[in-house]
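For reference, the structure is listed below as structure tokens.
The values are calculated or read from the model by the stated rules, or taken from the named source; none is laboratory data. The shown structure was predicted, so the numbers you read here are calculated from the model rather than taken from an experiment. Here Cβ is always computed from backbone atoms with ideal geometry, including for glycine, and neighbour counts include all displayed protein chains.
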Amino acid sequence: MISLAHLDHHLLTAHMVMHLLIMTVAAPLIFFAVRSSLMRWRPQIAFCWMAGTLTVLFWHVPAVFELALESPPWHRLELASFFVAGVLFWWPVIQLHPRSGWSVPVYLFLASLPCDALSAFLVFCGHVVYRPYLSAGNGPFGLSPLDDQVLAGALMWVTVTFAYLIPALLLTARLLSSERTRTSEVGIG
């Protein structure tokens with residue numbers, strides 16, 4: 001059986017799956033598991049946004065991306081930084097403070113924009129951005145390097161959009177519901 005870690009060096013899509021699993025699945029699940037011990041610390045929402053956004057953008061700079069792909073210690077650092085950035089990113093969402101109001105849905109919407117831009121670039125740029133994937137030729141699934149990049153970009157685009165905007169919609173519904181309840185209570189009283 002071919003593992004995701006093995007495919008990581010042959011398919012950008014596999015590499016993207018690893019990043020997405022770390023930031024959108026593992027980080028929030030582990031945060032949920034240990035959040036009671038971390039409840040006292042309340043990092044600024046802007047810091048959390050910057051940590052998540054800048055980490056994603058930094059590791060997708062071609063020279064940095066290629067360094068991590070070619071060097072196991074740098075690759076481990078990349079994966080660890082995605083995990084830490086993922087925990088920080090999800091902190092304001094999971095640790096909702098009663099006074100956070102509309103800031104968290106707006107935070108999630110704004111966080112999707114840089115990922116959307118990066119994803120769109122990977123999908124529509126028309127050339128392979130990361131040189132190591134050029135030498136892979138047609139990958140294990142017969143994808144050309146450019147098709148692999150387009151698939152990876154589309155996967156990132158769709159996954160991040162759903163992972164960020166579904167919680168934003170749920171929080172928005174909850175906020176609208178509580179506002180409607182307060183409005184009706186004021187109207188009754």
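Overview of results
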{"item": "Residue, nearest to Gly153 (Cα to Cα), within region 1-29, restricted to residues that are among the hydroxyl-bearing types (Ser, Thr, Tyr) and modelled with pLDDT of 90 or more", "result": "Thr13"}
{"item": "Residues located in region 68-86, provided they are over 16 Å from the mean Cα position of the chain (by Cα) and exposed (fewer than 14 other Cβ atoms within 10 Å of the Cβ)", "result": "Glu70, Ser71, Pro72, Pro73, Arg76"}
{"item": "Residues of region 117-143 that turn out to be surrounded by 14 or more Cβ atoms within 10 Å (Cβ to Cβ), modelled with pLDDT of 95 or more and not in a loop (DSSP other than H, G, I, E, B), as a count", "result": "5"}
{"item": "Qualifying residues in region 94-107 (those that are among the β-branched types (Val, Ile, Thr) and either in contact with a Leu (Cβ under 7 Å, 6 or more places away or on another chain) or farther than 16 Å from Thr24 by Cβ (or both)) - the one modelled with the lowest pLDDT", "result": "Val104"}
{"item": "Members of region 10-43 found to be not aromatic (Phe, Trp, Tyr) and not in a helix (DSSP H, G or I), listed by number", "result": "His10, Leu11, Met39, Arg40, Arg42, Pro43"}
{"item": "Unique match (being at pLDDT below 95 and either surrounded by fewer than 17 Cβ atoms within 10 Å (Cβ to Cβ) or of a type outside the set (Gly, Ala, Ser) (or both)) among Phe65, Phe89, Phe58", "result": "Phe89"}
{"item": "Hey, Gly101 in contact (Cβ under 8 Å) with a residue 12 or more places away in the chain, under 30 Å from Thr172 (Cα atoms), among the small types (Gly, Ala, Ser) and in a loop (DSSP other than H, G, I, E, B) or not", "result": "yes"}
{"item": "Members of region 44-74 found to be of a type outside the set (A, V, I, L, M, F, W, C) and either part of a helix (DSSP H, G or I) or closer than 27 Å to Pro92 by Cβ (or both), listed by number", "result": "Gln44, Gly52, Thr53, Thr55, His60, Pro62, Glu66, Glu70, Pro72, Pro73"}
{"item": "Set Leu171, Leu146, Leu151, Leu110: member being of a type in the set (A, V, I, L, M, F, W, C), modelled with pLDDT of 85 or more and over 30 Å from Cys48 (Cα atoms)", "result": "Leu146"}
